[in-house]
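> A single structure is presented below for examination.
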Amino acid sequence: MYNVKVYVTYKESILDPQGEAVRGAVHRMGFDEIEDIRIGKYFEIKVSDTDDRSVEEVIETICDKLLANVVMESYRYEIERVKETV
Amino acid sequence: MRFAVIQFPGSNCDVDLLHAIRDGVGEEAEYVPHTAESLDGFDGVLLPGGFSYGDYLRSGAISRFSNVMSEVTRFAEEGKPVFGTCNGFQILVEAGLLPGALQRNENLHFICKTVELEVVNNQTRFTTEYNDRELLTIPVAHGEGNYYCDEETLAELKANDQIVFTYASDNPNGSVENIAGIINRQGNVLGMMPHPERAIEDILGSSDGLRFFESMVKNFVKETAEV
């Protein structure tokens, strides 16, 4: 069994108007030192063991086809091996 | 000509499309659920606006994997006409049937108003009833219509005359090159953010959208006669 964490973020070339709006609010709070805020998405995924394919292969396929739109987003992931939960 | 109006959970412009076909151009149209496994007997496919699957994850991202979409993809690959408006356009780009992506509007607002569109390609099967560079009055209603593509894709779109509609005066969403609607390389899949189906009667403000559907029908009739 694996716990996988996936982070999807806009590519650097893509404007993030929501992040800009949040940065504006942070500045109004008085934190002028905040230079930039980018908003992304975070997924926690549980994957059971299979001999058919590697967990990396599964996660990358899911990310490429569904979790991220690779035209404007990129992703990274962390895989942690855990004991089967009962 | 017989049209399929696809209904996804959360579609809300399906009735408008059916009305545009049946009462606007006087052709046949039927609703087809997202679970359908066949598009046999249809000559054209229409993907409506709305908020399919609540826009979860990204607009169109989940609908793209509904049963009927593999059929829509096959239908498109056979060269048959597919049109997506608003959420339908978002689904077409997520499905990879059109290039690019639709981002959140630049000013973060959901924009619902009538805009001026320019017909920049009247040589497609969807636009032959329009004059070149004609200005149209058509409504938009979306929060994520900010069309984006990389420079390479944009150059291809321009080189192949794939940009069909642009916002003429006031770009509501910040899209690249004021793009409002594009067509695929083969010329049979068109997606646009504005709603021609909401502009088919003068009593509702404009009938400029009617000729969009008339173009589809006339070109279908012409092609069928040639075969």
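The values are calculated or read from the model by the stated rules, or taken from the named source; none is laboratory data. Since this is a predicted model, take the numbers as computed values, not measurements. In this analysis, Cβ positions are derived from the backbone assuming ideal geometry, glycine residues included, and neighbour counts consider all displayed protein chains. Heads up: the accessible areas ignore ligands, DNA and RNA and are worked out on the full protein's heavy atoms, side chains in. Shrake-Rupley method; radii C 1.70, N 1.55, O 1.52, S 1.80 Å.
> Treating the protein assembly as shown as a set of equal point scatterers at the Cα positions, no solvent, please give the Debye-formula log₁₀ I(q)/I(0) at q = 0.07, 0.08, 0.11, 0.14 Å⁻¹.
Debye curve over Cα of the protein assembly as shown, log10 I(q)/I(0) at q = 0.07, 0.08, 0.11, 0.14 Å⁻¹: -0.31, -0.40, -0.71, -1.07.
> At R0 = 41 Å, how high is the FRET efficiency between A:Ile79 and B:Val15 if r is their beta carbon distance? Nearest 0.05 is fine.
E(calc), rounded to 0.05, equals 0.30.
> For region B:115-168, just say rounded, prolate or oblate: build the C-alpha gyration tensor, square-root its eigenvalues into a ≥ b ≥ c, call rounded for a/c under 1.5, and beyond that prolate if a/b exceeds b/c, oblate if not.
Since a/c reaches 1.5 but b/c is at least a/b, the shape of region B:115-168 is classed as oblate.
> Give the shape of region B:2-226 as rounded, prolate or oblate, defined through the alpha-carbon gyration tensor: a ≥ b ≥ c are the square roots of its eigenvalues, a/c under 1.5 means rounded, and otherwise the shape is prolate if a/b is larger than b/c and oblate if not.
Verdict is rounded for region B:2-226.
> A follow-up question, please. Nearest 20 debye, what's the magnitude of the dipole of region B:2-226 about its Cα centre given +1 on Lys and Arg Cβ and -1 on Asp and Glu Cβ? Don't skip to the end; give the middle numbers.
Numbers: 16 positive and 35 negative charges, 50 e Å.
So the magnitude is around 240 debye.
> Average partner chain C-beta neighbours within 10 Å, per residue of B:30-39?
Numbers: counts 0, 0, 0, 0, 0, 0, 0, 0, 0, 0.
Mean partner-chain Cβ count within 10 Å for B:30-39: 0.
> I've got another one for you. If you take every residue apart from B:Asn131 with its C-beta less than 14 Å away from the C-beta of B:Asn131, what net charge results, scoring Lys and Arg +1 and Asp and Glu -1?
Spelling it out: positives minus negatives among the neighbours equals -4.
> Ok, one more. Determine ³J(HN,Hα), in whole Hz, for all residues of region B:162-167 in sequence, where each value follows from phi through the Karplus function 6.51 cos²θ - 1.76 cosθ + 1.60 and θ = phi - 60°; x replaces Gly and Pro.
Along region B:162-167, the couplings run 8, 7, 9, 10, 10, 6 Hz.
> What does the charge dipole of region B:88-182 about its Cα centre add up to, to the nearest 20 debye, if the Cβ of each Lys and Arg holds +1 and the Cβ of each Asp and Glu holds -1?
On the way: 5 positive and 15 negative charges, 56 e Å.
Magnitude of the dipole: close to 260 debye.
> Right, next: Ranked from the most accessible area to the least, with a 1.4 Å probe and all protein chains present, what is the order of B:His109, B:His19?
Ranked list, largest accessible area first: B:His109, B:His19.
> When all protein chains stay in place, what accessible area (Å², nearest 10, 1.4 Å probe) is found for B:Leu108?
Roughly 60 Å² of B:Leu108 is accessible to a 1.4 Å probe.
> Let me check against my output: what whole-number percent is the relative contact order of region B:68-207, with C-alpha pairs under 8 Å and at least 6 apart? Spell out each step's value before the answer.
Details: 281 pairs, mean separation 42.2, N = 140.
Normalised by residue count, the contact order of region B:68-207 is 30 percent.
> With each label point set 7 Å from Cα along the Cα-Cβ vector, what nm distance links B:Asn131 and A:Tyr2?
For B:Asn131 paired with A:Tyr2, the spin-label model returns 6.1 nm.
> To continue, here is another question. Report the charge-dipole magnitude of the protein assembly as shown in Debye, nearest 20, computed about the Cα centre from +1 at each Lys and Arg Cβ and -1 at each Asp and Glu Cβ.
On the way: 28 positive and 54 negative charges, 72 e Å.
That gives the protein assembly as shown a dipole magnitude of about 340 debye.
> Counting alpha carbon pairs within less than 8 Å and at least 6 residues apart, what relative contact order, in whole percent, applies to chain A?
Across chain A, relative contact order equals 53 percent.
> Set the Förster distance to 41 Å, then compute FRET efficiency between A:Leu66 and B:Ser169 from the Cβ-Cβ distance, nearest 0.05.
On the way: r = 37 Å, r/R0 = 0.91.
It comes out at approximately 0.65.
> Would you compute, from DSSP H runs of 4+ residues alone, the mean residue ellipticity of chain B at 222 nm, taking -39500 (n - 2.57) per run and dividing by the full residue count, rounded to the nearest 500?
Here the helix-only value at 222 nm equals -6500 deg cm²/dmol.
> Tell me, what is the 1.4 Å probe accessible area of A:Arg81, in Å² to the nearest 10?
140 Å²
> Take A:Gln18 and A:Ile34, extend 7 Å from each Cα along the Cα→Cβ direction, and tell me the distance between the two endpoints in nm.
Distance between label points: 1.5 nm.
> Still on this structure, please answer the following. In the Gaussian network model of chain B, springs joining C-alpha atoms below 10 Å, which of B:Ala155, B:Ala29, B:Ala168 carries the largest mean-square fluctuation?
Checking each option, the largest mean-square fluctuation is seen for B:Ala155.
> Between A:Arg76, A:Arg53, A:Arg38, find the one with the highest GNM mean-square fluctuation for chain A; connect C-alpha pairs within less than 10 Å.
Per the Cα network of chain A with a 10 Å cutoff, A:Arg53 tops the list.
> Within region B:177-218, which residues have the backbone N less than 14 Å from the label spot 7 Å out from B:Glu156 along Cα→beta-carbon, could you tell me?
Counting only backbone N, you get B:183-187.
> Here's something else I'd like to know. Per-residue Cβ counts within 10 Å, from other chains only, averaged over A:63-72: what number is that? Display every interim value, and only then the final one.
On the way: counts 0, 0, 5, 7, 3, 3, 12, 1, 12, 8.
Mean shielding by partner chains, rounded to a whole number: 5.
> Name the shape class, rounded, prolate or oblate, that the alpha-carbon gyration tensor gives for region A:2-81, where a ≥ b ≥ c are the square roots of its eigenvalues, rounded holds for a/c under 1.5, and otherwise prolate holds if a/b is larger than b/c and oblate otherwise.
It comes out prolate by the Cα gyration axes.
> Residues with beta-carbon under 11 Å from that of B:Phe75, excluding B:Phe75: net charge, scoring Lys, Arg +1 and Asp, Glu -1?
Net charge around B:Phe75: -3.
> Inside 10 Å of the C-beta atoms of B:47-57, what's the mean count of C-beta atoms belonging to other chains? Provide the component values of the computation, followed by the final result.
On the way: counts 0, 0, 0, 0, 0, 0, 0, 0, 0, 0, 7.
Mean shielding count: 1.
> Mind checking which of B:Val45, A:Ala25, B:Gly60 is farthest towards the positive end of the protein assembly as shown's charge dipole, using Cβ charges of +1 (Lys, Arg) and -1 (Asp, Glu) about the Cα centre?
The residue sitting most towards the positive pole is A:Ala25.
> How much of A:Ile14 can a 1.4 Å solvent probe reach, expressed as accessible area in Å² and rounded to 10?
Per-residue accessible area (A:Ile14): approximately 0 Å².
> Among B:Ser206, B:Thr166, B:Pro33, which residue has its Cα positioned farthest towards the positive end of the charge dipole of region B:2-226, with +1 placed on the Cβ of Lys and Arg, -1 on the Cβ of Asp and Glu, and the dipole taken about the Cα centre?
B:Pro33
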